[in-house]
Structure formats: structure tokens, C-alpha cells
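Asks: What follows is a structure written as C-alpha cells; I'll ask about it next.
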Amino acid sequence: MLSISNLHVRAGDRQILNGLSLEVGAGEVHAIMGPNGSGKSTLAQVLAGREGYEVTEGSVSYRGKDLLALPPEERAREGVFLAFQYPVEIPGVNNVYLLKAGLNAVRKHRGEPEVDAFEFLALIREKMKLMQMDESFLSRGVNEGFSGGEKKRNEILQMSVLEPSLAMLDETDSGLDIDALRVVADGVNSLRNPERAIVLVTHYQRLLDYIEPDRVHVLSGGRILKSGDKSLALELEKRGYDWVKQEAAAA
Amino acid sequence: MSAATAGTLSPKLERYRELFEKRFASDALIEHRRDAFNQFIQAGFPTPRDEAWKYTNLRRLESRDFAVAESAPVGIDPGQHPWISCTANRLVFINGHWSPALSSMMPQPPGATVLSLGEWLKHEPERAQAYLSNSPSAQTVFERLNAAFAEDGVVIDLAADAMFDEPVHVVHLWTAGLQSSMSHPRIIVRAGRNSRLTLIEQYLGLGDSALGCSEVFTNSVVGVELQNGAQMEHYRLQQEGSRTFHIGQISVRAQEHARYAIHDLAFGGLLSRLNLTIQLQGSGSHAELKGLFTPDNSQHIDTQTRIEHIAPHTTSEEDYRGIAEGRGRGVFNGKVFVHQGAQKTDARQSSRNLLLSPTAEIDTKPELEIYANDVKCSHGATTGQLDTTALFYLRSRGISENDARTMLIQAFAQSIVSSIRSPEVRGYVETLLKGRFSLRQVNP
Ligand SMILES: Nc1ncnc2c1ncn2[C@@H]1O[C@H](COP(=O)(O)OP(=O)(O)OP(=O)(O)O)[C@@H](O)[C@H]1O
Ligand SMILES: [Mg+2]
């Protein structure tokens, strides 16, 4: 589904990604872990189409398409979704309005008719229940005044409405209390199916107890240093990242 | 004095004199008019050397030869009229002249009077003049010009406890294909104790294409007297054509516990300037100002507000937003003046501005002058561009760049628009803004 090869990314004078390669197949869940500042969010943002980053080398193909050639909205309509590490507050743009506009954009792209008001309301109600969000969040501005955890839940709500093929979650677990972590994990798991791929960026093994990954990668210094199965996450939790770096340096 | 200055007049002012003499030589109020006119002549048009006109150059306005506007026949399909619908008390002025045919009035409730100033001046010039003289004024040059040339307008008088069931809607409409003309409309409000009023002031131009739209000059003056406990909700929509010079003056005097709220929405005109002066003279009086101005292309929109806290326990709240595009230029100067003795004043002011193109400009200047020691005053001003992170966030949800921009621009205007209490006005403004900011070419 997603194939990243030798990706080099620069922002201003700073080289952030240095030859990163990664293959994610349909139906798979991948976890990316790594020290602060190693380039995890940069990777996620570049894949979602954020401007301000320069791809100096390498390529990304998504379902056979050159992903980097598409504007962000086209990527979203093609099924790419990013749950932001820092969801953006947009006062004056209604939360439910954004959900509906996003859903209709995706449907239009697929050649489907716009969702009708009743259908949409029923859908939203169901998803909000799953996310254990109060309906009052619908009428508020996008993330406006939401607590840290509420913002993260709102990201997953958007995800579950848009039903992406490739979902990238950038530290969605950070700042969640234990119950909320469970809710978010349920939200993600409910999306899991053989046609979808999920990439989780996280610092904590705990999330992976709930959403079991097929592969775990260590991103450090702008490249993947080590990949393994879920036991790698447990090992990282115990031992930190230094040994991975040393191993890579020795190789 | 007139004889002495006559010889030294600039050709432009000389032309105003000719127009004036020709029009009003036999007017019943010629003496009053001539006083005002001479004061106008003496002061002349303001120049950028006047602090209050630093950012707004009137050279172009001054150089034009405007005739005194005449009414013209206008065919308006009742279903297609350009003004806000659903107002039962509507006074329409065509090129500054009251049009009974286009106006409509409900029976007036007890103690509530609304009439055309032009009619009153015709029938009872002296009484009308006395009434005019008592109306609040800021004594500006343009008010003098207005006092010299004013021929029509609206008088609204409310006795104690009186109120209209519906808003009073005043429409000033320029017709297309005129020769260069000027109009000096006047609105006078006197609201007695505990009376209530909603006033909608709307300035429009027909045929806003380079050819159809005439070069015209609107010089409007509004005076509002609010007696104890009176409440007024005021909406002002300036949507004139792209070749219009628009100068407006609003002067408000509020007595004890009176409340004045205005939405000042300036979208049109080539050069537009509004002076809004509010005197909180009675303790417990309150003013609420919300403004939105949107200069585009080569429009210039200047707003100067001055709130004077004169009595103790007076409060004011001011929130102005500007959105500039193209080569549009906005100016906002908000002055809050707290007089000595106006203790317990609470004044808040905010000015936020959005620049949508690199060639757009907004100058904002909040000013506080405080001569009392026990007061709460705050002000803040920001000017910025569309938030690129928010833009990306919306696009990452599948929304096109153009739609995302429109959503963010409308969101910026939202705090002003959503506070419009009249549903008819709010709906009208929302539609207007949607048309204005959607489906446009994305600026590079
Ligand atoms: N637009 C930018 N301009 C300059 N430097 C940037 C930019 N974006 C990211 N960086 C830098 O690149 C590095 C990687 O940032 P990134 O946000 O991708 O890290 P991360 O792995 O997500 O870290 P964390 O775990 O703290 O979220 C950091 O040092 C960051 O300061
Ligand atoms: Mg990060």
C-alpha cells in the first residue's frame, strides 16, 4: 500500500530525513518509535502533504501513485489520514461542519453522492458514542478550547468518519488518560481490516498492548535504524534507544 | 466674512460655492446653511497634515466636480431588490431623495414618529432646523458641508417608553449612469426615556460595473440622542459602488443607563471613511461596537472611533476586524477617552486584522487617554495572514485549498457576524460574505 524509498527531507538548512525506507502493506499495523526530534512527525507531515518541507531525494508511492505529487486534499480524498500530534484549533469553523465537508469531499472523489443530513447525523452519533464524546463537541469550533485528550479523541472521530485506507497517528496516545487510551484504541481497532493500513507513531509500549502492531521500527537521525516485531517495542521500553544507535553505528 | 474669503478661494471650493448659491439662494434656511457653508469653506478639505486624516488622502475627492444629486427613475423588481428583506418600516432614498413609492411604513405606534427630513423641511423649516441644531454633532468639516447641502434624510423621534415593533430601515441607493453627483443625507434620532429602537442604515449603488457605476460622493451625518434608559441597536452597511466616495459621521450621546450597540460593516466604496463618536454622558451608560471592513482591489476603508467616558460607571466594548485583499487598504483608529471623574469606567477594545495578499495593508492604532484613576481599560491589536497550519489541517481532511481559505476567512469574520442579533441582517450579511470570499482565484 505504502512504499517509501530512500526519502531525504530538508526544512530550511536542516536535513531531517536521511534516506528513510519503509514498506507498509494492506491490513498491516506498523509502529514507529524513536527519540524526540528524530523526524517521526516530519515523516507523517510530509506524507500528508505539509508545505515547507523539501524532498531532496527518494520517492513515496501509495497504491501505485506518486504520493508526493498530490496536493494534501487529494491525498486525503485518496484515503490518507493523519491524526496530528498537535491538532489545530480553528475558532469559527464548526466541528461538525468540518466533518461533513471532509466526508463529502471524499465521497465526491469516489463518485458517491453527498451524504444526506439524516444519514450524516446518524453516522456522527454512532461514531461519537464509540469515542465517548458528548454531542456538545459538534457545535463547537474545531478543537476550540478542547483539552489535550479531547483534541486527540476528536482526531480519531474524524478518522472514523472519513474511513481512510492509510491512517497515520502521530502520538495520539500522548496526553490521554488510561480510559481515554482504551477508547482511542477501540476506535482504531474498529477501523482495522485487511484493506487498511495503520501507522502509529508513539513513545509508549502501552498503546501497543491495545493495538497490536505487525512491525515496529526505530526511527533515529532521520532513518529507520532497526525493525522488528512487537517484542522490539518491549525491549525498547526496557533498554531505551542507545543500544539501537550503537548497533547501527557498528554495522 | 463670505465676501472676504471669496476672493481667495481655490477653484474647487469656488465651485462648491457656485453650486451652493445656485441651489439654496431662495431656501427658507439659507442663513443657517450659509453659516455652515462658510465654516466649511474656511476649514477646507482636510489634508494628510491633519492627524485625523494621516492615512486617508482626500486629494481625489477634492479634485472631482460633483453636481447636487437629483432623483432618478429606478425600476426595481420587488422580488429582486438589493436591500435587506423583511423590514416593514423602510425608507428608501434614491440619489439622496426620499422615494415614497419604494418606501413602506407600518402604522406608527403611540409616541413613535418617523418622517422624511425633506418633507419636514418643506413644511416646517424653522422647527425642523431647531430640531437639527439640537442633534449631537462632532463639528467636523464634513458635517458642515452636510449642514449646508442636506436636503433629505430621516427623523426618528421616540417619546418615553415608545418603540417600533420592527426595525427602521433606511436605504440610500445610487442609481446607475448618473453624472458625478453628491448627496448629503442626514439621520436624526431622538430616543426618549426607556424607549427602544433598531435602526438599519444601508448604503447601496446600482450597476457596479466600470461603466454603469457613477462616480458619486455620499456625505452622511447621523446624530443620536439617547435619553435615560433608552436602548438602540444600530446596523450600518456600507456597500456602495467601486467609484463611490463615502464619508460618514455618527455622533451619539448616551444619558444614564442608555445602551447603544452598533454593527459597522464597511464593504464598498472606492474611498470610505467613517467617524463614529460616542459620548457616554450619563452614569451606567454602555456602548458596544462591532465592526468589519473588507477593502479589496484598490479600495480604501478608514474607520475612526472615539468613545468618551464622561460619567462614572460607564462601559464600552469594541471589537473591530479588517480583512484586506488585493491592493486594499484599511485604517482603524480607535480612541478611548476617559474623562476626569469617569471613575469605574470599564473599556475594552480589540482590533484584529487579516491580510490576504502581499499588497494589502491595514494600519491600526488603538489609543487610550485616561484622566481618571479607578478604571479598567484594555486594548489589543493584531495583524496577520491566514494561518498556514490551519489551512493545512483543513486540506488534510479533504477540503480544497480554495474552500479551506474561504472557511478560515469566514471564521475570522464570524465573531462579528454571529453577534448580529437581527436574524434578517445576519442572514443577509452571511450571504454577502459568502459571495465575497468564496470561489475566488487563490492569490499567489
Ligand atoms: N519546519 C521545520 N524547520 C526547521 N526544523 C524543523 C522543521 N520541522 C521539524 N524540524 C526539526 O526536525 C527535527 C525533527 O522534528 P520532528 O517533529 O519530526 O521530530 P519527532 O521525531 O516527531 O519528535 P517528537 O518525538 O518530539 O515529536 C527536530 O529537530 C525539529 O526541530
Ligand atoms: Mg513528533
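The values are calculated or read from the model by the stated rules, or taken from the named source; none is laboratory data. The structure displayed is predicted, hence computed values, not measured ones. Here the Cβ is made from the backbone with ideal geometry for all residues, glycine too, and neighbour counts use every protein chain on show.
Asks: Determine whether the range A:188-200 contains at least one residue that is within 16 Å of ligand 1 (Cβ to nearest atom), away from chain B (no Cβ under 14 Å), surrounded by 15 or more Cβ atoms within 10 Å (Cβ to Cβ) and of a type in the set (A, V, I, L, M, F, W, C).
Replies: Yes: the range A:188-200 contains one or more residues that are within 16 Å of ligand 1 (Cβ to nearest atom), away from chain B (no Cβ under 14 Å), surrounded by 15 or more Cβ atoms within 10 Å (Cβ to Cβ) and of a type in the set (A, V, I, L, M, F, W, C).
Asks: Starting from residues that are in contact (Cβ under 8 Å) with a residue 12 or more places away in the chain, more than 14 Å from chain B (Cβ to nearest Cβ) and over 20 Å from A:Gly228 (Cβ atoms), keep the ones in the range A:18-57 and report whichever is farthest from ligand 1 (Cβ to nearest atom).
Replies: Looking at residues that are in contact (Cβ under 8 Å) with a residue 12 or more places away in the chain, more than 14 Å from chain B (Cβ to nearest Cβ) and over 20 Å from A:Gly228 (Cβ atoms), I get A:Ala26.
Asks: When you check A:Gln246 against the structure, is it within 16 Å of ligand 1 (Cβ to nearest atom) and surrounded by fewer than 20 Cβ atoms within 10 Å (Cβ to Cβ), yes or no?
Replies: Criteria not met by A:Gln246.
Asks: Looking at (1) assigned to a helix (DSSP H, G or I); (2) over 16 Å from the mean Cα position of the chain (by Cα); (3) away from chain B (no Cβ under 14 Å), find the lone condition where A:Val106 falls short.
Replies: Among (1) assigned to a helix (DSSP H, G or I); (2) over 16 Å from the mean Cα position of the chain (by Cα); (3) away from chain B (no Cβ under 14 Å), the lone unmet condition for A:Val106 is (3).
Asks: Only one of (1) assigned to a loop (DSSP other than H, G, I, E, B); (2) small (Gly, Ala, Ser); (3) in contact with a helix residue (DSSP H, G or I) (Cβ under 8 Å, 6 or more places away or on another chain) is not met by B:Gly291, so which one is it?
Replies: (1)
Asks: Counting only residues that are buried (at least 21 other Cβ atoms within 10 Å of the Cβ) and facing chain A (nearest Cβ under 9 Å), which one in the range B:412-442 is nearest to A:Glu74 (Cα to Cα)?
Replies: Per the criteria, the residue is B:Phe412.
Asks: Looking only at the range B:208-225, decide whether some residue is buried (at least 24 other Cβ atoms within 10 Å of the Cβ), assigned to a loop (DSSP other than H, G, I, E, B) and assigned by TED's automatic domain parsing to the domain that holds B:Phe149.
Replies: So far as the range B:208-225 goes, no, none of its residues is buried (at least 24 other Cβ atoms within 10 Å of the Cβ), assigned to a loop (DSSP other than H, G, I, E, B) and assigned by TED's automatic domain parsing to the domain that holds B:Phe149.
Asks: Now, a different point. If the Cβ limit is 7 Å and pairs must be 6+ apart or interchain, which residue in the range B:383-405 that is within 7 Å of another protein chain (Cβ to nearest Cβ) pairs with which residue that is polar (S, T, N, Q)?
Replies: Close Cβ pairs satisfying both conditions: B:Arg397/A:Gln158.
Asks: Against the condition touching a Cys at 6+ places or on another chain (Cβ under 9 Å) and either surrounded by 24 or more Cβ atoms within 10 Å (Cβ to Cβ) or closer than 30 Å to B:Ser63 by Cα (or both), how does B:Gly241 come out, does it pass?
Replies: yes
Asks: Residues to consider are B:Ser103, B:Ser135; find the one that is under 22 Å from B:Leu204 (Cα atoms) and surrounded by 16 or more Cβ atoms within 10 Å (Cβ to Cβ).
Replies: Of the residues listed, the single one that is under 22 Å from B:Leu204 (Cα atoms) and surrounded by 16 or more Cβ atoms within 10 Å (Cβ to Cβ) is B:Ser103.
Asks: Related question: Which condition breaks for A:Glu171 when tested against (1) of a type in the set (D, E, K, R); (2) away from every other protein chain (no Cβ under 13 Å); (3) away from ligand 2 (no atom under 16 Å from the Cβ)?
Replies: A:Glu171 satisfies every listed condition except (3).
Asks: Taking the range A:1-17, which residues are surrounded by 14 or more Cβ atoms within 10 Å (Cβ to Cβ) and more than 12 Å from ligand 1 (Cβ to nearest atom)?
Replies: Residues satisfying the conditions are A:Met1, A:Leu2, A:Ser3, A:Ile4, A:Ser5, A:Leu7, A:His8.
Asks: I've got another one for you. Please go through the range A:64-88 and give me each residue that is within 8 Å of another protein chain (Cβ to nearest Cβ) and within 20 Å of A:Glu144 (Cα to Cα), ordered by number.
Replies: The answer is A:Leu82, A:Phe84, A:Pro87, A:Val88.
Asks: For the range A:167-176, check the following and say yes or no: at least one residue is within 24 Å of A:Asn104 (Cβ to Cβ), surrounded by 16 or more Cβ atoms within 10 Å (Cβ to Cβ) and more than 16 Å from ligand 1 (Cβ to nearest atom).
Replies: Looking for residues that are within 24 Å of A:Asn104 (Cβ to Cβ), surrounded by 16 or more Cβ atoms within 10 Å (Cβ to Cβ) and more than 16 Å from ligand 1 (Cβ to nearest atom), one finds at least one in the range A:167-176, hence yes.
Asks: Can you list the strands (runs of 3 or more DSSP E) found entirely within the range A:39-100 that contain at least 2 residues being closer than 28 Å to A:Ala122 by Cα and of a type outside the set (Val, Ile, Thr)?
Replies: Of the strands (runs of 3 or more DSSP E) lying wholly inside the range A:39-100, those with at least 2 residues that are closer than 28 Å to A:Ala122 by Cα and of a type outside the set (Val, Ile, Thr) span A:80-83, A:90-94.
Asks: For the range A:147-163, indicate whether the set of residues that are within 14 Å of another protein chain (Cβ to nearest Cβ), within 27 Å of A:Arg75 (Cα to Cα), in a loop (DSSP other than H, G, I, E, B) and among the polar types (S, T, N, Q) is non-empty.
Replies: no
Asks: A further question on this structure: Could you tell me whether A:Gly25 is in contact with a helix residue (DSSP H, G or I) (Cβ under 7 Å, 6 or more places away or on another chain) and either among the small types (Gly, Ala, Ser) or away from ligand 2 (no atom under 14 Å from the Cβ) (or both)?
Replies: No; evaluated as a whole, the condition is false for this residue.
Asks: Counting residues that are under 26 Å from A:Val161 (Cβ atoms), within 16 Å of ligand 2 (Cβ to nearest atom) and in contact (Cβ under 8 Å) with a residue 40 or more places away in the chain, which strands (runs of 3 or more DSSP E) fully inside the range A:189-251 reach at least 3?
Replies: A:197-201
Asks: Return the residues of the range A:61-88 that are surrounded by 19 or more Cβ atoms within 10 Å (Cβ to Cβ) and within 16 Å of ligand 1 (Cβ to nearest atom); say none if nothing qualifies.
Replies: A:Pro72, A:Leu82, A:Ala83, A:Phe84, A:Pro87
Asks: Can I ask one more? Could you please let me know if A:Gly49 is on the phi > 0 side of the Ramachandran plot, touching a strand residue (DSSP E or B) at 6+ places or on another chain (Cβ under 7 Å) and surrounded by 14 or more Cβ atoms within 10 Å (Cβ to Cβ)?
Replies: No.
Asks: Still on this model: For A:Val142, all conditions in the list (1) within 12 Å of A:Val184 (Cα to Cα); (2) within 13 Å of chain B (Cβ to nearest Cβ) hold save one; what is the number of the exception?
Replies: Exception for A:Val142: condition (1).
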